[in-house]
Amino acid sequence: MKLQRILASLAIVLTMLVIILGAYTRLTDAGLGCPDWPGCYGFLKVPQHETHVAVAEARFPERPLEAHKAWNEMVHRYFAGSLGLLIATIFFVSWRQQRKICLLPTALLSLVVFQAALGMWTVTLNLFPLVVMGHLLGGFSLLCLLVIYRWQLTAPRHKPSASLPAQSGLARLGWLVLAILVGQIALGGWTSANYAAMACVELPVCQAGWLEQLQFGEAFDLHLGHDNYEYGVMSQQARQTIHIAHRFGAMLTLLAVGWFAWLLWQRKTQTGMSKLPLVAGALLLLQFCLGVINIWWQLPLANAVAHNFVAANLLMVLTLICVQLQQQVQLQPRRL
């Protein structure tokens, strides 16, 4: 068990690094820094020697080598590949120690394999927005599953107790709020994948006349059939619509998660949770401020990366809260 805890902790840290590097790669427009997969212009690392550069550009004449973008992409791949190997190790260690296929390690291994496929499709489909958004959600989901797995390795095994108050209503509310947060994160991924982060540069909503320019049909269409989605294929009005939807979603998420965190804090004696609601509330306020700064200072790189990373941590904390509440519900003795 100790080895599993160490591996899980390392995997959590590595997943956080991969999320940061993925956001940095996307925000520096380096998603196609290497136009092939899993290598880079046919090499295992970014070509540097003049001969190798010439070979690389001969292979992909339509995309001349930009070394800084290629390195951003390859560093992300190196860390993501290391994470995949670490999760495979977690799976085999879990199986060897328990002599059975365990649910969470299996889910982790399946998800990281699917993430690798999404990473490949991101390149081969030339930044198709649905794949880019799915890759983002997959990385966040991986972090959440790892944290749940790590928590389960150390969570105390309580016996059903009649003194433990029922938390079923609070648990159901938690899952609803979690669904709202996931929807908002997906909307943020859609905003980024369609290069709509700067479609509105004024606060609190958008430029004058935005209401008459809404184009929901185009904004949430998949736009199949394009050869290349780099820098987006939508009209300015459609991107503006996505951006506005994300802003209104942010307000809904702020109210929903904030209210839920407050309820948890009010019932900290019954739930046994005092720190997690405070952490969720702090992350929520930080995330909202980072979003405002993104607009006010026109998407500064470090702030935009932080906005992505804090969202992942907020999702992780809220997921852990919901899992713990659900466990408390399941521990309730059944009434005859």
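The values are calculated or read from the model by the stated rules, or taken from the named source; none is laboratory data. Keep in mind that what you see is a predicted model, and the values were worked out from it rather than measured. Counting neighbours? That spans all protein chains shown, and the Cβs are built from the backbone with ideal geometry, glycine included. All accessible areas refer to the heavy atoms of the entire protein, side chains included, with ligands and DNA or RNA removed. Shrake-Rupley method; radii C 1.70, N 1.55, O 1.52, S 1.80 Å.
Can you tell which of VAL310, VAL292 is farther than 28 Å from LEU170 by Cβ and either modelled with pLDDT of 95 or more or in contact with a Cys (Cβ under 6 Å, 6 or more places away or on another chain) (or both)? If you could, list the steps in order and put the result at the bottom.
Working: VAL310 fails: farther than 28 Å from LEU170 by Cβ.
Criteria check complete, one pass: VAL292.
So which pairs qualify, if the first residue must be in segment 206-223 and more than 20 Å from ILE295 (Cα to Cα), the second must be charged (D, E, K, R) and part of a loop (DSSP other than H, G, I, E, B), the Cβ gap must be under 9 Å, and the two must be at least 6 apart or on different chains?
Every condition considered, no pair remains.
Give segment 269-313 a look and list any residue that's in contact (Cβ under 8 Å) with a residue 60 or more places away in the chain and either open to solvent by 70 Å² or more (accessible area, probe 1.4 Å) or more than 23 Å from ALA193 (Cβ to Cβ) (or both), or say none.
Matches in segment 269-313: GLN270, THR271, TRP296, GLN298.
I'd like the residue in segment 48-104 that is open to solvent by less than 30 Å² (accessible area, probe 1.4 Å) and small (Gly, Ala, Ser) and, out of all such residues, is nearest to CYS34 (Cα to Cα).
Taking the candidates together, the pick is ALA70.
Let's see how each residue does on (1) out of contact with any strand residue (DSSP E or B) (no Cβ under 6 Å at 6 or more places or on another chain); (2) part of a loop (DSSP other than H, G, I, E, B); (3) among the hydrophobic types (A, V, I, L, M, F, W, C):
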position: LEU178; (1), (2), (3): yes, no, yes
position: GLY183; (1), (2), (3): yes, no, no
position: ALA196; (1), (2), (3): yes, yes, yes
position: LEU203; (1), (2), (3): yes, yes, yes
position: CYS206; (1), (2), (3): yes, yes, yes
position: GLU218; (1), (2), (3): yes, no, no
position: ARG239; (1), (2), (3): yes, no, no
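Of the residues in segment 222-241, how many are out of contact with any helix residue (DSSP H, G or I) (no Cβ under 7 Å at 6 or more places or on another chain), open to solvent by 70 Å² or more (accessible area, probe 1.4 Å) and at negative phi? First the steps, then the outcome.
Narrowing segment 222-241 to residues out of contact with any helix residue (DSSP H, G or I) (no Cβ under 7 Å at 6 or more places or on another chain): 223-228, 230-231, 233, 236, 239.
Those left that are additionally open to solvent by 70 Å² or more (accessible area, probe 1.4 Å): 224-227, 231, 236.
Of the ones still in play, those that are also at negative phi are 224, 226-227, 236.
Of the residues in that region, 4 qualify.
Just the residues that are crowded, with 19+ Cβ neighbours inside 10 Å and aromatic (Phe, Trp, Tyr), please, taken from segment 249-267. Break it down stepwise before answering.
First, pick out the residues of segment 249-267 that are crowded, with 19+ Cβ neighbours inside 10 Å: 249, 253, 256-257, 260-261, 264.
Once the filter is applied, which keeps residues that are crowded, with 19+ Cβ neighbours inside 10 Å and aromatic (Phe, Trp, Tyr), segment 249-267 yields only PHE260.
If I ask for residues that are open to solvent by 30 Å² or more (accessible area, probe 1.4 Å) and not in a helix (DSSP H, G or I), which ones from segment 1-34 would you list?
MET1, THR28, ASP29
Condition check ((1) under 30 Å from PRO35 (Cα atoms); (2) open to solvent by 20 Å² or more (accessible area, probe 1.4 Å); (3) at pLDDT 95 or above; (4) not basic (Lys, Arg)) across all residues:
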residue: SER161; (1), (2), (3), (4): no, yes, no, yes
residue: PHE216; (1), (2), (3), (4): no, yes, yes, yes
residue: PHE220; (1), (2), (3), (4): yes, yes, yes, yes
residue: HIS243; (1), (2), (3), (4): yes, no, yes, yes
residue: ARG247; (1), (2), (3), (4): no, yes, yes, no
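Being under 14 Å from GLY174 (Cβ atoms) and either modelled with pLDDT under 95 or open to solvent by 20 Å² or more (accessible area, probe 1.4 Å) (or both) is the requirement here; does THR319 meet it?
Values: under 14 Å from GLY174 (Cβ atoms): yes; either modelled with pLDDT under 95 or open to solvent by 20 Å² or more (accessible area, probe 1.4 Å) (or both): no.
For THR319, the condition - under 14 Å from GLY174 (Cβ atoms) and either modelled with pLDDT under 95 or open to solvent by 20 Å² or more (accessible area, probe 1.4 Å) (or both) - is not met.
Cβ-Cβ distance below 9 Å, separation of 6 or more or different chains: which pairs start in segment 15-39 with a residue that is without any contact (Cβ under 8 Å) to a residue 24 or more places away in the chain and end on one that is open to solvent by 40 Å² or more (accessible area, probe 1.4 Å)?
Cβ pairs passing all conditions: GLY39/LYS45.
Hey, does segment 181-193 have a residue that's over 23 Å from HIS246 (Cβ atoms), among the hydroxyl-bearing types (Ser, Thr, Tyr) and at pLDDT 95 or above? Talk me through it step by step, then tell me what you get.
Keep residues of segment 181-193 that are over 23 Å from HIS246 (Cβ atoms), which gives none.
No, segment 181-193 contains no residue that is over 23 Å from HIS246 (Cβ atoms), among the hydroxyl-bearing types (Ser, Thr, Tyr) and at pLDDT 95 or above.
Going residue by residue through segment 115-136, is there one that turns out to be open to solvent by 30 Å² or more (accessible area, probe 1.4 Å), on the phi > 0 side of the Ramachandran plot, at pLDDT below 95 and not acidic (Asp, Glu)?
So in segment 115-136, the residues open to solvent by 30 Å² or more (accessible area, probe 1.4 Å) come out as 116, 120-121, 124-126, 130, 133, 135.
The next check asks that each one be on the phi > 0 side of the Ramachandran plot; those that pass are 126.
Right, trim to at pLDDT below 95 and you get none.
No, because not a single residue in segment 115-136 is open to solvent by 30 Å² or more (accessible area, probe 1.4 Å), on the phi > 0 side of the Ramachandran plot, at pLDDT below 95 and not acidic (Asp, Glu).
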